1. Quick one: would you say Trp571 is part of a strand (DSSP E or B), within 16 Å of ligand 4 (Cβ to nearest atom) and open to solvent by less than 10 Å² (accessible area, probe 1.4 Å)?
2. Could you check, for segment 257-265, whether at least one of its residues is within 24 Å of the chain's Cα centre (by Cα), away from ligand 1 (no atom under 16 Å from the Cβ) and among the aromatic types (Phe, Trp, Tyr)?
3. I'm trying to understand the selection: among the residues of segment 178-196, which are open to solvent by 10 Å² or more (accessible area, probe 1.4 Å) and within 26 Å of the chain's Cα centre (by Cα)?
4. Being in a loop (DSSP other than H, G, I, E, B) and either at negative phi or within 13 Å of ligand 4 (Cβ to nearest atom) (or both) is the filter here, so list the residues in segment 450-467 that pass it.
5. Listed residues Gly260, Gly242, Gly200, Gly247; which is closer than 20 Å to Gln428 by Cβ and more than 16 Å from ligand 2 (Cβ to nearest atom)?
6. Just the residues that are away from ligand 1 (no atom under 14 Å from the Cβ), under 18 Å from Met321 (Cα atoms) and either out of contact with any His (no Cβ under 9 Å at 6 or more places or on another chain) or open to solvent by 10 Å² or more (accessible area, probe 1.4 Å) (or both), please, taken from segment 357-368.
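The values are calculated or read from the model by the stated rules, or taken from the named source; none is laboratory data. Since the structure is predicted, the reported quantities are computational estimates derived from the model, not experimental observations. Neighbour counts run over all protein chains shown; Cβ positions are idealised from the backbone, glycine included. Side chains are part of the model used for accessible areas, which takes the heavy atoms of the whole protein and leaves out ligands, DNA and RNA. Shrake-Rupley method; radii C 1.70, N 1.55, O 1.52, S 1.80 Å.
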Amino acid sequence: MRSMSDPKTHHDDDWDVDDDDIPSNLSTVESIGDIMEQRYSRRDMLRGVTAVAAVTAVTGPGVGIMAGEAQAATSSLTFSELSHGNDETHHVADGYEVQTLIRWGDPVEPGAPAFDPMNQSAEAQAMQWGYNNDYVGYLPLPAGSDTPDHGLLCVNFEYTNHQLMFPGLQKGELDKQTEAQVDVEMAAHGHGVIEIRRDGNTWSVVAESPYARRITALTTECRVSGPAAGHDRLKTNSDPTGTRVVGTINNCAGGRTPWGTVLFAEENFHGYFGGDPSKTAEARNYKRYGLKAKSRYAWFRYHDRFNVEKDPNEPNKFGWMVEFDPYDPNSVPVKRTALGRFKHEGATVVVNKDGRAVAYTGDDQRFDYVYKFVSNGRYDPNNRSNNTDILDDGTLYVGKFHSDGRLQWLPLVWGTGPLTPANDFHSQADVLIETRRAADLLGATPMDRPEDVEPNPVTGVVYMALTNNSKRKADKVDAANPRGPNKTGHVMEMIPPGTMGADRDHAALEFKWEIFLMAGNPAKDGSARYNAGISSNGWLASPDNVAFDNEGRIWIATDGAPKEGIADGVWGADVDGPGRALTRHFFRTPMGAELCGPEFNTDCTAYFAAIQHPADNKGSTFDNPSTRWPDFTDGMPPRPSLQVVVKKGGGTIGT
Ligand code: FEO
Ligand code: CA
Ligand code: CA
Ligand code: CA
């Protein structure tokens, strides 16, 4: 439990409690206090990006002060900027309209009952919109088209807040939770598919759609594929084959694949298990992933598979990337073990210029790593079924960042380097099940919590949100993680060889890297770095998810800005030119919430945003929440909801 004085409101630090981190291989860390200036200012002063603390102190915020050699700061984003704030509802920039598409408990599958918060059941929840919507994917209908106004929304349900879901509970009161409540929680996890349509400028959910579907932690059987499938370490009481698992948990971010499936992540899987992990044969493995003898959920009290002393291999069934075909209502979600096992924030796939599929994926923990997977097979644009198992066969790499601006990708291949029986790796399955330990041995660079890692579809540069790292010590900074502590995070660019867009080689073993921005309030934090023309509302904190529009502009969503006194929300910016890193505030969430997803439709006339954990403030409960967003009706609890932002009268977002 948090202490009463703990001001934290966002969920990831709630998971990453102080004792939850295992600092990894620190042998690569250089103590280089001025490296940030070497790697950052010299290049970016020329592009109009510089420290703004000093200039705002002199001139006041909102005045565009530029370095002498830089161009005037002008953004291609023309909306009138939203003001910082934090109150009981959401806000968007003038000229835009927010529509609530679907809320926790609303019907999804045909025949689902209406939401009844005082009479919840697992059976109802398994047919309704789940809790804490996160990843959002827009997949057009028909499949393979670029239809902007009719498609499927594929959305993750990451986790549950029992104190906000059920009456009479305070946060952490696991002993009071009934089996029925636990089963509702399990049914509220997972994924959901809805069919949506736009009429005029209004979006709505198509009722009784044949595509509408829920995937849950309670009943949905998933398949395990790739090199770890069938391994002894994946065999459990309910699955002696090691190839199946019921459910998927802590589904955080994700991405669309070029062949029309979605990849969704299993992130903080470690918190769902009871029993003492040190008493199992997997003790070393489970320690590296942060499993504790104390569960954060009551599931193990009613479901033996979540008790590691009764079913010691069950945690090895989680921590994977899951691929799912939303166009086939009967498809079985597949855990793709070739992409490694860790606390995946998400994964984003790009087709390389040679046809191989490359998936970027971050491990969201302090001092953990960024990875990429490169397939052996080639994407076939003419036959969708030829791509079905392309993510089962290939090479997983982990990133090592050098202070001279090189990014090296180190292969995690069994039998090479230290990944041998001498270090207790007896197969590629072992390497994948203990991906973190394998990456430790290779000397990967411990990062400040990699969240979204996503290629810009226009430039081909890969952006990585590093949300924060309160545990990095000042003498343990490095060029890529130059602040200790890093309270507000940063955004990095990983630059594959090549000049632009599809010309770049995502399979290359060496990239370049840059820092795009250092988040935080520049009026208070001299290490914040943005375009010098930033306004007083333009700064952000704790970048988490990113999305790109068709112009290649980045839209950054945050998780943790309330610690800096503002609500979480979205900021947009150009990535090149005079508006580079000139972040502009577009949307903010109701109190207690973070903004997940975000996703544009195909012509960027709609911006989908998942509002997660509204009212998750200290002391806020179902009975007495800090906000009853979005319904504001007596007796109705706050409800995580999926929203869509459109321009009033229609048109492209941002321009
Ligand atoms: Fe679920 Fe790393 O955010
Ligand atoms: Ca996230
Ligand atoms: Ca994203
Ligand atoms: Ca986060």
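1. Working: part of a strand (DSSP E or B): yes; within 16 Å of ligand 4 (Cβ to nearest atom): yes; open to solvent by less than 10 Å² (accessible area, probe 1.4 Å): yes.
Here the answer is yes, as Trp571 does meet what is asked.
2. There is at least one residue in segment 257-265 that is within 24 Å of the chain's Cα centre (by Cα), away from ligand 1 (no atom under 16 Å from the Cβ) and among the aromatic types (Phe, Trp, Tyr).
3. Scanning segment 178-196 gives Asp183, Glu195.
4. Of segment 450-467, the ones in a loop (DSSP other than H, G, I, E, B) are 456-461, 467.
Once the filter is applied, which keeps residues that are in a loop (DSSP other than H, G, I, E, B) and either at negative phi or within 13 Å of ligand 4 (Cβ to nearest atom) (or both), segment 450-467 yields Asn456, Pro457, Val458, Thr459, Val461, Thr467.
5. Every option except Gly242 fails the conditions.
6. Start the filter on segment 357-368 by keeping residues that are away from ligand 1 (no atom under 14 Å from the Cβ), which leaves 357-360, 367.
Applying the additional criterion that residues be under 18 Å from Met321 (Cα atoms) yields 357-360.
Once the filter is applied, which keeps residues that are away from ligand 1 (no atom under 14 Å from the Cβ), under 18 Å from Met321 (Cα atoms) and either out of contact with any His (no Cβ under 9 Å at 6 or more places or on another chain) or open to solvent by 10 Å² or more (accessible area, probe 1.4 Å) (or both), segment 357-368 yields Ala357, Ala359.
One line per residue, one yes/no per condition, for (1) closer than 24 Å to Ile554 by Cβ; (2) away from ligand 1 (no atom under 16 Å from the Cβ); (3) touching a Phe, Trp or Tyr at 6+ places or on another chain (Cβ under 9 Å):
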site	(1), (2), (3)
Gln408	no, yes, yes
Val431	no, yes, yes
Thr435	no, yes, yes
Lys487	yes, yes, no
His490	yes, no, yes
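Conditions (1) surrounded by fewer than 23 Cβ atoms within 10 Å (Cβ to Cβ); (2) touching a Phe, Trp or Tyr at 6+ places or on another chain (Cβ under 9 Å), marked per residue:
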{"site": "Thr445", "(1), (2)": "no, yes"}
{"site": "Val458", "(1), (2)": "yes, yes"}
{"site": "Met464", "(1), (2)": "no, yes"}
{"site": "Thr467", "(1), (2)": "no, no"}
{"site": "Ser470", "(1), (2)": "yes, no"}
{"site": "Leu509", "(1), (2)": "yes, yes"}
{"site": "Lys512", "(1), (2)": "yes, no"}
{"site": "Phe516", "(1), (2)": "no, yes"}
